[in-house]
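I have placed the structure first, in the form of structure tokens, so that the comments after it can refer back to it.
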Amino acid sequence: MFRMKRLTRICTAAIVAALVFAAFPSNAKSWPQRSVRMIVPVPPGSSPDVAARVFAERLGTRWGKSIVVENRPGADGLIGTSAFVAAQDDHVLLFSFAAPLTVYPAIQEKLKYDPVRDVLPISVVVETFGTIAVPATLPVTTLPELVTYARTRPGRLNWATGGGAFPILMAGFVKSAALEMAQVPYTNQNLALQDLAEGRIQVFATAMTPLLSLVQAGKVRVLAVTNKNRSPLWPGIPTVTQSGYPGIAFEGLIGLFAPRGTPDDRRTRIADDIRAIAADHGVAKRLGAVGQIVRVSTPAEFTAAIEEQRRNITAIIQIVGNPPQ
């Protein structure tokens, strides 16, 4: 009898526990339980930072908890990503471009994190556009024209880039087009942009946003964007694929990431919240002003996009050899 009563109590407890876990799977609905820290690996005021703050404000409203945006710039995203992983806190998120997960694992032997295990994609939030640009004084308007122009002037043109994937993409372009052009390294992109506007460098690859004012002033001409689709801001400018160079296609994905061990249902719930916020036309208008388009995804779709970028970068590196940085 004692054993039977004890067995009954155990079964009852198990049933109650099962009902509790069924009602609150992985505690998805009880998160967050306190304020959330969102690490952004770029300086305040930059276009990814603008997007981070727009979504942080609205996510905080939906969750009923404050979200503190913490800028950790440096080393092209590596410092902020490393700080995010080192926090080991499920109330710390990362809002970042994908290069720390796609580019640097391919060109650096040792990182302070595992890009697959430690950084879990939640959702793409915005897409930025990569560009290949020239001074307005250079007599070319398309990538094929640039190739023809450069081939008739071997060794007389040079190129530079912003960070992330752009050095690899430009090296891949120069190699695939069989051009003799020298890379000019810069530690300060603003100086490179000044030299581009003055014609001291002939080709520059970087994100769209830093070029906006120079294009509007008529000092710089964009020949192509690296993304799969044309930019709504510059619909007349073709993609690199449309220009005949699909091997250097690359999308500027910026999104939200969770730390290692985050339950799948929580990632899905956050992705759903991002999708709801992205439906606000005011959000799209504000981010469009800085050259970004709102683009959302599921965790699985974001993971697949990152894996595709890794493959593309690896393929270009195999062609180029030792990639520039």
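The values are calculated or read from the model by the stated rules, or taken from the named source; none is laboratory data. Here the structure is a predicted model, which is why all the values come from computation and not from measurement. Cβ: placed from backbone, ideal geometry, glycine included. Neighbour counts: every protein chain shown.
One line per residue, one yes/no per condition, for (1) in contact with a helix residue (DSSP H, G or I) (Cβ under 8 Å, 6 or more places away or on another chain); (2) closer than 14 Å to residue 127 by Cβ:
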site: 283; (1), (2): yes, yes
site: 289; (1), (2): no, no
site: 293; (1), (2): yes, yes
site: 296; (1), (2): yes, yes
site: 299; (1), (2): yes, no
site: 305; (1), (2): no, yes
site: 311; (1), (2): no, no
site: 316; (1), (2): yes, no
site: 320; (1), (2): yes, no
| query | Does residue 41 count as at pLDDT below 95 and either of a type in the set (Phe, Trp, Tyr) or buried (at least 17 other Cβ atoms within 10 Å of the Cβ) (or both)? | reply | no
| said: Can you list residue pairs whose Cβ atoms sit under 8 Å apart, with the first residue in the range 280-294 being assigned by TED's automatic domain parsing to the domain that holds residue 45 and the second being at pLDDT 90 or above and among the polar types (S, T, N, Q)? Count only pairs 6 or more apart in sequence or on different chains. | reply: 291/128; 291/231; 292/128; 293/231
| query | From the set of residues in the range 162-177 that are without any contact (Cβ under 8 Å) to a residue 60 or more places away in the chain and over 21 Å from residue 139 (Cβ atoms), which is surrounded by the fewest Cβ atoms within 10 Å (Cβ to Cβ)? | reply | 162
| field | the range 60-73, subset over 21 Å from residue 47 (Cβ atoms) and of a type in the set (S, T, N, Q), residue surrounded by the fewest Cβ atoms within 10 Å (Cβ to Cβ) | value | 61
| Out of 192, 197, 182, 205, which single residue is outside any loop (DSSP other than H, G, I, E, B), under 19 Å from residue 240 (Cα atoms) and assigned by TED's automatic domain parsing to the domain that holds residue 231? | 205
